[in-house]
Amino acid sequence: MTQRIAHRVVLKNGIVVVAVENKTADIMTARMFVKAGSRCERPDRAGVSHLLAAVMTKGTDGLSSMEIAEQVESVGASLGAETTSDYFLLSLKTVSADFEEVLSLAGQLLRYPSFPEAEVELEQRLTLQAIRSQKEQPFSIAFSRLREAMYGDRPYARSTLGTEATVASLTRADLFQFHRTYFRPDNLVISLSGCLDFEEAVARVEKTFGDWEIPDNPIPALDLAPITSRPTVTGLPQETQQSIVMLGYLVPSVLAKSAERVSSEYAALKLLNTYLGNGLSSRLFVELREKRGLAYDVSAFYPTRIDTSQFVVYMGTAPQNTVVAVEGLRVEVERLTALLLTADELQTAKNKLLGQYALGKQTNSQIAQVLGWYETIGLGIEFDEAFPEAIANVTAETARRVASRYFIEPYISVVGPATAIGGILPSTVC
């Protein structure tokens with residue numbers, strides 16, 4: 001496989017440009033990351049970044065929603081916006097001949113959105129429907145309650161959609177305020193991958209964004225106090241056909257203060273996540289579903305976050321197995337604190353994780369996403385090479401030591417029939 005070299009430059013107005021030349025197809029992709037996701041929202045304005053993403057492509061000072069759609073579709077391009085906890089993203093994909101035109105359109109959307117009133121009201125209604133739909137899904141309910149227990153009043157406790165109350169109260173003025181605050185050149189990373197060489201790609205970005213000036217006011221600092229683990233058990237009785245059981249542990253962000261901790265703790269947790277819950281050969285699937293028949297669905301996840309993250313294992317099980325399911329998940333996680341992974345288990349997990357990591361960087365879109373994401377959350381594009389090395393260096397003893405440090409007492413969230421979850425909940429929980 002040809003080694004693709006990533007280049008990075010900072011423009012005079014603070015925009016960070018990352019680019020990879022990949023001439024396997026006549027395609028250019030761009031990922032424009034604004035360092036402002038839902039973690040930057042005020043609690044009473046939760047959901048503002050999601051609503052902003054939903055209406056950003058619906059109008060500018062000089063273009064209507066229909067004109068924007070026609071301009072994109074006429075050249076067979078794609079253009080869309082979304083938000084996450086840690087960043088806002090505007091994405092485009094087009095053939096190289098139309099790249100300058102589509103990039104110019106993206107620049108107008110990013111800098112001069114008009115947030116038409118009718119579009120805002122429509123997207124508000126759709127978002128409220130999505131929030132209500134989540135409240136009918138046992139998995140979403142259990143995960144929401146787990147986040148709230150683990151993070152309290154911190155941003156990661158909230159859904160990126162917001163709440164019914166906050167979304168219903170949002171106005172165009174709120175969107176403009178969020179946009180004025182965070183959408184600025186010194187808060188922007190543009191990641192490119194495609195058939196243009198680095199110098200030409202940067203020149204196109206300069207032409208579109210070079211006259212964007214940095215405002216006089218500073219970017220607001222987000223100062224979150226250190227979070228203390230206080231595990232609790234939370235449950236919601238619902239007459240569902242299965243119980244949802246979730247165990248969560250607070251674990252370090254990828255941005256640990258020490259480089260050694262990034263390479264050992266973060267890598268070890270990613271490896272343990274793969275070992276426990278990644279695929280049909282994972283430990284949880286084999287032990288709890290295949291051998292014991294407890295699970296309809298069982299897995300684990302450990303998201304990469306700027307702030308304190310969470311390591312979660314979960315299971316969907318028959319109501320009568322709820323208590324046994326909680327114990328089974330705990331046993332499998334806590335086993336990692338006492339026993340060393342065998343050489344075969346360790347190597348299999350490494351091969352699976354690194355193989356999936358490589359497969360996730362095959363297309364221009366994937367390459368631009370990964371490198372831009374690393375740059376946006378503060379890791380730098382060098383992390384793309386450092387991560388596989390860190391995984392390769394994880395030993396069984398390192399994995400056991402990290403598990404012992406963080407897998408102590410879990411937060412527990414259960415949703416299911418009252419008779420099934422009653423044996424798990426303290427008498428004060430309802």
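Of all residues in segment 80-128, those satisfying the criterion of being farther than 17 Å from Glu41 by Cβ, under 20 Å from the mean Cα position of the chain (by Cα) and surrounded by fewer than 22 Cβ atoms within 10 Å (Cβ to Cβ) are Gly80, Ser91.
Annotation for segment 234-245: no member residue is part of a strand (DSSP E or B), free of Cβ contacts under 8 Å to residues at least 40 places away in the same chain and of a type outside the set (D, E, K, R). Once segment 262-308 is narrowed to residues that are surrounded by 20 or more Cβ atoms within 10 Å (Cβ to Cβ) and among the hydroxyl-bearing types (Ser, Thr, Tyr), the residue that is nearest to Phe143 (Cα to Cα) is Tyr302. Exactly one residue out of Ile227, Ile244, Ile214 is closer than 30 Å to Asn364 by Cα, aliphatic (A, V, I, L, M), surrounded by 13 or more Cβ atoms within 10 Å (Cβ to Cβ) and not assigned by TED's automatic domain parsing to the domain that holds Gln108, and it is Ile214.
Out of the helices (runs of 4 or more DSSP H) lying entirely within segment 128-210, which hold 1 or more residues that are farther than 25 Å from Pro116 by Cβ? Can you show your working first?
On the way: elements: 138-151, 164-169, 172-182, 198-209.
So the answer is 138-151, 198-209.
Set side by side, the residues Asn321, Asn364 differ, and just one is touching a Cys at 6+ places or on another chain (Cβ under 9 Å) and at negative phi, which is Asn364.
For segment 129-145, a residue qualifies if it is of a type in the set (A, V, I, L, M) and in contact with a helix residue (DSSP H, G or I) (Cβ under 6 Å, 6 or more places away or on another chain), and exactly one does: Ile131. Could you check segment 20-69 and list, in sequence order, the residues that are in contact (Cβ under 8 Å) with a residue 40 or more places away in the chain, surrounded by fewer than 22 Cβ atoms within 10 Å (Cβ to Cβ) and either of a type in the set (Asp, Glu) or not assigned by TED's automatic domain parsing to the domain that holds Phe88 (or both)? Glu21, Asp26, Asp44, Asp61 - these are the residues of segment 20-69 that are in contact (Cβ under 8 Å) with a residue 40 or more places away in the chain, surrounded by fewer than 22 Cβ atoms within 10 Å (Cβ to Cβ) and either of a type in the set (Asp, Glu) or not assigned by TED's automatic domain parsing to the domain that holds Phe88 (or both). The residue list Ile367, Ile391, Ile377 contains one member that is β-branched (Val, Ile, Thr) and either surrounded by fewer than 19 Cβ atoms within 10 Å (Cβ to Cβ) or over 30 Å from Met28 (Cα atoms) (or both), which is Ile391.
Filter segment 380-414 down to residues that are hydroxyl-bearing (Ser, Thr, Tyr), more than 22 Å from the chain's Cα centre (by Cα) and part of a helix (DSSP H, G or I), then give me how many there are. Let's see the steps before the verdict.
Initially, segment 380-414 is screened for residues hydroxyl-bearing (Ser, Thr, Tyr), giving 395, 398, 404, 406, 411, 413.
Restricting the remaining residues to those that are more than 22 Å from the chain's Cα centre (by Cα) gives 395, 398, 404.
With the extra rule that they be part of a helix (DSSP H, G or I), the set shrinks to 398, 404.
Total meeting the criteria: 2.
The values are calculated or read from the model by the stated rules, or taken from the named source; none is laboratory data. All values reported here derive from a predicted model rather than from experimental measurement. Ideal geometry is used to build each Cβ from the backbone, glycine not excepted, and the neighbour counts take in all protein chains shown.
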